[in-house]
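*Asks:* Let me begin by handing over the structure; questions about it come next.
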Amino acid sequence: MLRRTLASNWFYVVLMIALIVLPHAIGWVSGDSPFGVRGRPVGQSIYWQGILIEVFVLAVLAMSYNLVFGFTGVISFGHALFFGVGGYILGIVLEYTDLTGEVGLLIGIGLTLIVSAVLGLVIGLVTLRLRGVYFAMFTLAVAEMFYIFFSRLALTRAEDGFALTELPVWIDPTRSRLTFYYIALALLAVTFLFIRRLIFSPTGAVLLAVRENEERARTIGFDTLRFKLLAITVAGMIASLAGLIQVILNKKVGPEVLNVSNTIDPLLMTIIGGAGTFTGPVIGAAGLHLGDRLLRDLVIEVGGASIDIGANWALILGIVFILVVLVFPYGIVGTFRRWRTRQAK
Amino acid sequence: MQENILLETRDLRKAFGGLIAVDGVSVKVAQGSMHSIIGPNGAGKTTFFNLLTGNHAATSGNVLYKGQDITHLPLHRRAHLGIGRSFQITNIFPNLTVLENVRLAAQALGGDNYRLFRRADSFQRYIQRARQVIDLVGLNAETLLPATVLPHGGKRKLELAILLASDPELLLLDEPTAGMASEQVPELIQTIDRVRRQGGKTIIMVEHNMSVVMGVSDRITVMNQGRLLAEGTPAEIAANKTVQSVYLGELYGDLNEAAGGSHGV
Ligand SMILES: Nc1ncnc2c1ncn2[C@@H]1O[C@H](COP(=O)(O)OP(=O)(O)OP(=O)(O)O)[C@@H](O)[C@H]1O
Ligand SMILES: [Mg+2]
């Protein structure tokens, strides 16, 4: 049983092992310890751990977006709200209560999950009856409203936000980055497995039915509103956990976590990687974020003229996006899978 | 003999803005009967179905099922009461396999929809039910194909299989043979009639193919411009002068021309 599972998922097993040893491998190659130098977060391994944690965060965010968009067929423009809520709740708990360390962290995580679930249910109940583009617009409006409030409210320290100083040492990314790296990696793996389980369950089958043809799904007896609500709520909870990891990595939470880019980025990553596939959002997140990081400072000389890649990153991304949509209409993973099915026939 | 009324409508109306698509229709459908609805294009037959199932909300009037007023019940609740339908314009899950299309319909009323952590394919009873129905309509060879690649006739069969999978008591069939090759029509109609007799089902069928309608119906309701024009046994309808002038003559003409007996949308 276990052997069969491992054999049929060899790709994921190999990838997982690679990601586990990667910080040590980078440390070994570069000569910089993966634990930092004398407790300080410096060196190649530490640097790449930080970038990979960001990739994991974006991948989890994109996977949660894909649950709603790719598997259930609901287009929400308000996903940043869930991402941002996670960070803010932890910030508020650590700042305004006497809770610190593990207790503060645990309560912050618990509250984050509860609040994002309630938000998902309430927003879903109010808006899911709206059709297509109206739903998308309403979710955008709600998320933007939170963004504006949180960037002005005294309670949330307006533009400044909070610094997260009272984190336990073992999770503090400046002191124990490698541990934090494994925590983020664990969240990625658990999210991946969870979504796969969900989609293969009877409930997941209904989500696909809603995406394919909601009217027919209702006609054969599914209360489709409930299933869309479930998808939005579960996805919101996952996104809020991604937001938590992000703010712990930054050791700061501010209005930028609620920025609309935290909706647009996972949307683009999902489409580029392949909406409605399991690996697509992960590949999209890794590709876009690593591309951004690697090319950010690149300046290429073309016959005397120098092109600053970093400064034109948005433009390049736009072109890549158009190309992907033209060449890979079902995203990278989706198009590849279709191609392989055709080869097999 | 007192007949058991399964479904009844009372003065049912549906207005789309100024257009009254269904205009005060009252009918009674006896349990276990094959009740056909005929009428020219735009008569309001499909809209009438939509009011029975809840795909559209009635403007006024009532729908009673087993004596219970279901006029304002949502779509999915009516499915749980045992009302199923097929669509005139094929309405399937295009990117799912034929098996999954039918399996979903079998799962829908089974009470396992919120089993988040078990695999859907571990519920053998839904898969068995789906395979049984796929066999019944004759789609075995296409079981694992995505629904969207089926030819038109195959999609019509799938449409029927999705309806049959949930084993409803009342089946609403909206032009089940629409666009099918004529040589496939008798077989499909026989399948439908067999399902009704063996399962003691009640069927309301909209159908343009007159030989089919006259052959299998217990009663026929004729609609025209949203109104009920006539109702009776096939013999009574065939003899009805108004029906002949408004509808039958015209359609029998059509039927002779279009050898397929099929009817466009
Ligand atoms: N959703 C809708 N919105 C507006 N008008 C509609 C709608 N559905 C149907 N109609 C109109 O209502 C009238 C009745 O249409 P309906 O589809 O019920 O006729 P039908 O008897 O099923 O015709 P056919 O034999 O062509 O299928 C038509 O004039 C149609 O244009
Ligand atoms: Mg019609």
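*Asks:* Could you do me a favour and compute the accessible area per residue for the range A:2-268, 1.4 Å probe, result in Å²?
*Replies:* 43 Å²
*Asks:* Sum -39500 (n - 2.57) across every DSSP H segment of at least 4 residues in the protein assembly as shown, then divide by the residue count to get the 222 nm mean residue ellipticity, nearest 500.
*Replies:* -17500 deg cm²/dmol
*Asks:* Please list, ordered by chain and number, the residues whose modelled amide H lies under 5 Å from the amide H of B:A230; skip anything fewer than 5 residues away on the same chain.
*Replies:* B:V222
*Asks:* Still on this structure, I have one more. Give me Rg over Rh for the range A:2-268, both radii from the alpha carbons and Rh done the Kirkwood way, two decimal places.
*Replies:* 1.00
*Asks:* Ok, one more. Collect residues whose amide H, placed 1.01 Å from N in the peptide plane, falls under 5 Å from the amide H of B:R85; neighbours closer than 5 in sequence don't count.
*Replies:* B:L172
*Asks:* Below 14 angstrom from the Cβ of A:I51, what's the summed charge of the other residues (Lys, Arg +1; Asp, Glu -1)?
*Replies:* Summing Lys and Arg as +1 and Asp and Glu as -1 gives 0.
*Asks:* Heavy-atom accessible area of A:M16 with all protein chains present, probe 1.4 Å, nearest 10 Å²?
*Replies:* 60 Å²
*Asks:* Given a 1.4 Å probe and no ligands, DNA or RNA in the count, how much accessible surface is buried by B and A, both sides, to the nearest 100 Å²?
*Replies:* Counting protein atoms only, the buried area is about 2700 Å².
*Asks:* Moving on to the next point. Provide a whole-number value for the mean count of partner chain Cβ atoms within 10 Å of the Cβ atoms in peptide B:108-116.
*Replies:* Shielding by partners across B:108-116 averages 5.
*Asks:* Test of understanding: given chain A, find the longest segment containing no GluC sites (Glu not before Pro) that are in a DSSP loop and have at most 16 other Cβ atoms within 10 Å.
*Replies:* Counting only loop sites that pass the neighbour cut-off, the longest clear stretch is A:167-345.
*Asks:* Moving on to the next point. Ranking request for peptides B:111-117, B:39-45: highest mean number of other beta-carbon atoms within 10 Å first, then the rest in descending order.
*Replies:* Sorting B:111-117, B:39-45 by mean packing, highest first, produces B:39-45, B:111-117.
*Asks:* FRET efficiency for A:R340 and B:S26, Cβ-Cβ distance as r, R0 = 41 Å, nearest 0.05?
*Replies:* Calculated value: 0.10.
*Asks:* Here is a follow-up. Compute a Gaussian network model of chain A, connecting alpha carbons closer than 10 Å, and tell me which residue from A:V299, A:V320, A:V253 fluctuates the most.
*Replies:* Of A:V299, A:V320, A:V253, the Gaussian network model singles out A:V299 as fluctuating most.
*Asks:* For Cα pairs less than 8 Å apart in space and 6+ apart in sequence, what is the mean separation divided by the residue count of chain B, i.e. the relative contact order in percent?
*Replies:* 25 percent.
*Asks:* How big is the dipole moment of the range B:93-167 about its Cα centre under a simple scheme where the beta carbon of each Lys and Arg is +1, that of each Asp and Glu is -1, and everything else is neutral? Debye, nearest 20, please.
*Replies:* Here the size comes out at about 120 debye.
*Asks:* May I ask you to list the residues of the range B:1-28 whose amide nitrogen lies under 14 Å from a point 7 Å from Cα along the Cα→beta-carbon direction of B:A57?
*Replies:* Only B:14-17 pass the distance filter.
*Asks:* Apply the Karplus parameterisation 6.51 cos²θ - 1.76 cosθ + 1.60, with θ equal to phi minus 60°, to every residue of the range B:201-215 and state each ³J(HN,Hα) to the nearest whole Hz, in sequence, with x for glycine and proline.
*Replies:* 7, 10, 10, 10, 10, 8, 8, 9, 7, 5, 5, 5, 4, 5, x
*Asks:* Which one, B:L158, B:Q88, B:P176, is farthest towards the positive end of the dipole of chain B when Lys and Arg carry +1 and Asp and Glu -1 on their Cβ?
*Replies:* Most positive-ward Cα: B:L158.
*Asks:* For the residue pair A:L317 and A:M16, what label-to-label distance in nm results when each label sits 7 Å from Cα along the Cα-to-beta-carbon direction?
*Replies:* 3.1 nm
*Asks:* Which residue, A:L113, A:L267, A:L15, has the most motion in a Gaussian network model of chain A that connects Cα atoms within less than 10 Å?
*Replies:* The residue that fluctuates most here is A:L15.
*Asks:* Among A:A189, A:A275, A:A286, which one shows the highest mean-square fluctuation when chain A is modelled as a Gaussian network with alpha-carbon springs under 10 Å?
*Replies:* Among A:A189, A:A275, A:A286, the largest mean-square fluctuation in the Gaussian network model of chain A belongs to A:A189.
*Asks:* Return one number: the angle in degrees, 0 to 90 and rounded to the nearest 10, between the long axis of the Cα atoms of helix B:98-108 and the longest principal axis of the Cα atoms of chain B.
*Replies:* 80 degrees
*Asks:* Multiplying the sequence separation of B:R197 and B:V149 by 0.36 nm and subtracting their Cα-Cα distance, what value in nm do you get?
*Replies:* Stretched fully, the B:R197-B:V149 segment lengthens by 14.0 nm.
*Asks:* If you don't mind, another one. So, R0 is 22 Å and r is the distance between the beta-carbons of A:E166 and A:I114; what FRET efficiency does that work out to, to 0.05?
*Replies:* 0.55
*Asks:* Straight distance only, please: which lysines reach the Cα of B:K14 with their own Cα at less than 23 Å, same-chain residues fewer than 8 apart left out?
*Replies:* By straight Cα distance, B:K14 reaches B:K28, B:K45, B:K66.
*Asks:* Run through the range A:1-66 and list the trypsin sites (Lys or Arg not before Pro) located in a DSSP loop whose Cβ has at most 11 other Cβ atoms within 10 Å.
*Replies:* Sparse-neighbourhood loop trypsin sites (Lys or Arg not before Pro): A:R38.
*Asks:* Projecting each Cα onto the charge dipole of the range A:2-268 (Lys/Arg +1, Asp/Glu -1 at the beta carbon, about the Cα centre), which of A:I183, A:P41, A:T219 comes out farthest on the positive side?
*Replies:* Checking the options against the dipole of the range A:2-268, the answer is A:T219.
*Asks:* Continuing with this model, one more query. Taking only complete DSSP H runs, can you tell me which helices of chain A stretch 18 Å or more along their own long axis by Cα positions and average at least 0.5 on the Kyte-Doolittle scale?
*Replies:* Once both thresholds are applied, what remains is A:10-30, A:44-66, A:79-96, A:101-127, A:132-150, A:177-200, A:224-250, A:280-295, A:313-327.
The values are calculated or read from the model by the stated rules, or taken from the named source; none is laboratory data. All values reported here derive from a predicted model rather than from experimental measurement. No Cβ is skipped: glycine too gets one built from the backbone with ideal geometry, and neighbour counts run over all protein chains shown. Just the protein is used for accessible areas: all its heavy atoms, side chains included, with ligands, DNA and RNA removed. Shrake-Rupley method; radii C 1.70, N 1.55, O 1.52, S 1.80 Å.
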